[in-house]
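Read the structure below first, then the notes.
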Amino acid sequence: MAESLTRDETCVFCRIVAGEIPSAFIFEDERVIAFRDINPEAPAHALIIPRTHIRDIAAAEAHDGDLLLALVQAANAVARHEGVAESGYRLVWNVGPDAGQAVFHLHLHLLGGRPLQWPPG
Ligand code: 5GP
Ligand code: ZN
């Protein structure tokens with residue numbers, strides 16, 4: 001495996017990665033998993049996350065470049081899986097209080113399946 005896997009014992013998404021919170025993965029490979037959001041904001045709402053614990057996109061470093069590309073490519077695969085590749089979708093990184101970030105394990109939101117407002121609320 002390219003990078004060593006780190007884990008935060010207090011992190012809900014690390015527990016999902018470890019299978020300790022049962023979640024149906026809609027994508028998985030060596031470095032990335034994706035699953036549907038427990039509180040969907042759109043008909044298609046998935047979270048694409050690295051298996052390794054990184055706090056958020058603000059904490060991403062140069063050596064995470066390949067992993068970030070893998071997340072985006074996984075999101076595009078999830079869009080096809082969820083049937084929104086043609087209708088369109090939005091990929092979102094939330095960072096900090098004004099963005100409403102609630103989980104501090106890097107995750108890319110995929111939203112689609114309805115017209116999305118711009119700018120977001
Ligand atoms: P944030 O606001 O941090 O960008 O988004 C965190 C997202 O994770 C929220 O949309 C929330 O609904 C979702 N979430 C939090 N805990 C769980 C969980 O245990 N399972 C799933 N599937 N989604 C979760
Ligand atoms: Zn974590």
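The values are calculated or read from the model by the stated rules, or taken from the named source; none is laboratory data. All values derive from a computational prediction rather than experimental measurement. Every residue, glycine among them, receives a Cβ derived from its backbone with ideal geometry; neighbour counts consider all protein chains shown. Accessible surface is based on the protein model in full, side chains and every heavy atom, while ligands, DNA and RNA are left aside. Shrake-Rupley method; radii C 1.70, N 1.55, O 1.52, S 1.80 Å.
Residue by residue, here is whether (1) farther than 22 Å from Thr6 by Cα; (2) at pLDDT below 95; (3) in contact with a helix residue (DSSP H, G or I) (Cβ under 8 Å, 6 or more places away or on another chain); (4) open to solvent by less than 70 Å² (accessible area, probe 1.4 Å) holds:
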| residue | (1), (2), (3), (4) |
| --- | --- |
| Pro43 | yes, no, no, no |
| Arg51 | no, no, yes, yes |
| Ala59 | no, no, no, yes |
| Gly65 | no, no, no, yes |
| Asn76 | yes, no, no, yes |
| Val84 | yes, no, no, yes |
| Asn94 | no, no, no, yes |
| His105 | no, no, yes, yes |
Review point. For segment 18-42, which residues satisfy the criterion of being farther than 14 Å from Val103 by Cα and of a type in the set (A, V, I, L, M, F, W, C)?
Key: Ala18, Ile21, Ala24, Phe25, Ile26, Phe27, Val32, Ile33, Ala34, Phe35, Ala42
Exercise for review: Go through segment 1-94 and tell me which strands (runs of 3 or more DSSP E), entirely inside it, have 3 or more residues that are within 27 Å of Gln117 (Cα to Cα).
Suggested key: 32-36, 44-50, 89-92
Check your understanding: Would segment 94-106 turn up any residue that is in contact (Cβ under 8 Å) with a residue 24 or more places away in the chain, acidic (Asp, Glu) and away from ligand 2 (no atom under 16 Å from the Cβ)?
Key -> no
**Study point:** Residue in segment 1-20 that is nearest to Val72 (Cα to Cα), counting only those that are open to solvent by less than 50 Å² (accessible area, probe 1.4 Å) and aliphatic (A, V, I, L, M)
**Key:** Val17
Review point. Here are some conditions: (1) more than 10 Å from ligand 2 (Cβ to nearest atom); (2) surrounded by fewer than 13 Cβ atoms within 10 Å (Cβ to Cβ); (3) at pLDDT below 95. Ile38 meets all but one. Which one does it not meet?
Key: (3)
Review point. Between residues in segment 8-24 that are near ligand 1 (Cβ under 8 Å from one of its atoms) and residues that are part of a helix (DSSP H, G or I), which pairs lie under 7 Å by C-beta distance while being six or more apart or on different chains?
Key: Ile21/Val12; Ile21/Arg15; Ser23/Ile16
